[in-house]
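Report on the structure given below.
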Amino acid sequence: MKNQYLKTLHKGKKVETSFMINKIISRDGNNVYAFIGDNTGEVKARFKDENRAFKVGDVITVKGTLGESIDVDKVKKEKTFNIMDYLPSVKRPIEDIMNEIELLSKEEFKSEEAIKLNEYFFKNEEFINKFKKAIGGVYQHHNYLGGLAEHTLNVMHLTKVLSYRYNCRYKEIAILGAKLHDIGKIYEMSYDGPFNYTLRGDMEGHIVIGVNMIEDAFRENKELYDEEFKGRIKGIIVQHHGKEEYGSPKAPKTVESHIVHYADYVDAMMNKIEIVTESVEKGQWTPYERRIEGKIFV
């Protein structure tokens, strides 16, 4: 049973607790250099691995001294452990997030097309189980279990506000597109161990995967969806990254695509800022952070 978490440990002190191997950086003879961590963070470590017995995803108990990294004196692989001790997760109860998503959906989705497309995914138990667990990103934003659901709720809420404030003609499509904009991430990334991209994710990316998922939904009920509805929904998925340099196959071409793009961007950026400033005292600067290309005065 895990007895200490990285966030509670102090530099210069002896450490004896378990971590998951998140990434192996390099090997030098019998030494391994790796990132190891738990659900409160990660740290570099050096430890012996004479028989190459350790791999990414293993949980190891280490004994050593914590500095900028952990210099490990003893290491042992654990056979039994609680995976949730080693993977960060959303702070709010996931069911609260899902209930809020459902409430917003019931308030806004009135047409048969919107209701049926929503239900195709969110009445599917296999999809829901993946969606509730999925991460929003491996490195950039919402990179914790439940992060995708949290991000989706926030983008839906921002999209609703912007759609009503600026009198978007297709409010329902905008909000539904916000709900579906990142569904491809349930297959793009792996989140049952150290967060990473799947082969499909590396080869296709969540935009392509998401459009294919939407096409599958349309094919199941061909007579229901008209071409404009299909085009506008797929347009939101394709265009939500905004610019080609941000990984968007096309720049936004409709009002609702612009709204979802900006809602997505704002929530992703604010989550990055929250993560970067979380452990910084008031009146202090964060270190330079690549994710926001700068630093923040707290």
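The values are calculated or read from the model by the stated rules, or taken from the named source; none is laboratory data. What you are looking at is a predicted structure, and each value in this text was computed from that prediction instead of being measured. Side chains are part of the model used for accessible areas, which takes the heavy atoms of the whole protein and leaves out ligands, DNA and RNA. Shrake-Rupley method; radii C 1.70, N 1.55, O 1.52, S 1.80 Å.
Please build a GNM for the chain, connecting alpha carbons under 10 Å apart, and tell me which residue among 256, 245, 100 fluctuates the most.
245
May I ask you to evaluate 6.51 cos²θ - 1.76 cosθ + 1.60, the Karplus curve with θ = phi - 60°, for each residue of the range 281-289 and list the ³J(HN,Hα) values in order in whole Hz, giving x for glycine and proline?
Values, residue by residue: 6, 4, x, 10, 8, 6, x, 4, 10 Hz.
Using each residue's phi in the range 118-132, evaluate 6.51 cos²θ - 1.76 cosθ + 1.60 at θ = phi - 60° and report the 3J(HN,Hα) Karplus result to the nearest Hz, with x for Gly and Pro.
Going residue by residue, I get 4, 5, 3, 8, 8, 10, 9, 4, 5, 4, 4, 4, 6, 4, 5 Hz, with x marking Gly and Pro.
Could you let me know the centre-to-centre spacing of the range 1-46 and the range 172-216, using Cα atoms, in angstrom?
31 Å
So with the 1.4 Å probe, I'd like the accessible area per residue for the range 12-80, rounded to whole Å².
I get 57 Å² per residue for the range 12-80.
Whole-Hz ³J(HN,Hα) for each residue in the range 201-206, computed from phi via Karplus 6.51 cos²θ - 1.76 cosθ + 1.60 with θ = phi - 60°, x for glycine and proline: what do you get?
These are the phi-based 3J(HN,Hα) values: x, 5, 7, 10, x, 6 Hz.
State in Å² the accessible area per residue of the range 96-150; use a 1.4 Å probe, count heavy atoms of protein chains only, and round to the nearest integer.
Heavy-atom SASA per residue in the range 96-150 reads 46 Å².
Considering all alpha-carbon pairs of the range 1-136, what whole percent are spaced by more than 26 angstrom?
42 percent
Identify which of 135, 101, 186 has the largest mean-square fluctuation in a Gaussian network model of the chain, with springs joining Cα atoms closer than 10 Å.
101
Return the Rg/Rh ratio of the range 239-298 with Cα-based radii and a Kirkwood Rh.
1.13
Given the options 149, 114, 53, state which has the largest fluctuation in a GNM of the chain using a 10 Å cut-off (strictly under) for Cα springs.
53
How high is the relative contact order of the range 171-298, in percent, counting Cα pairs under 8 Å that sit 6 or more residues apart?
19 percent
Can you give me the % of accessible surface on the range 1-96 that is carbon or sulfur? Probe 1.4 Å, all protein chains present, nothing else counted.
Roughly 49 percent of what the probe reaches on the range 1-96 is carbon or sulfur.
Of the listed values (i) 33, 25, 17; (ii) 37, 20, 19; (iii) 40, 21, 17, identify the label whose number matches semi-axes √(5λ) of the Cα gyration tensor in Å calculated from this model.
Step by step, semi-axes √(5λ) of the Cα gyration tensor in Å for this structure corresponds to label (iii).
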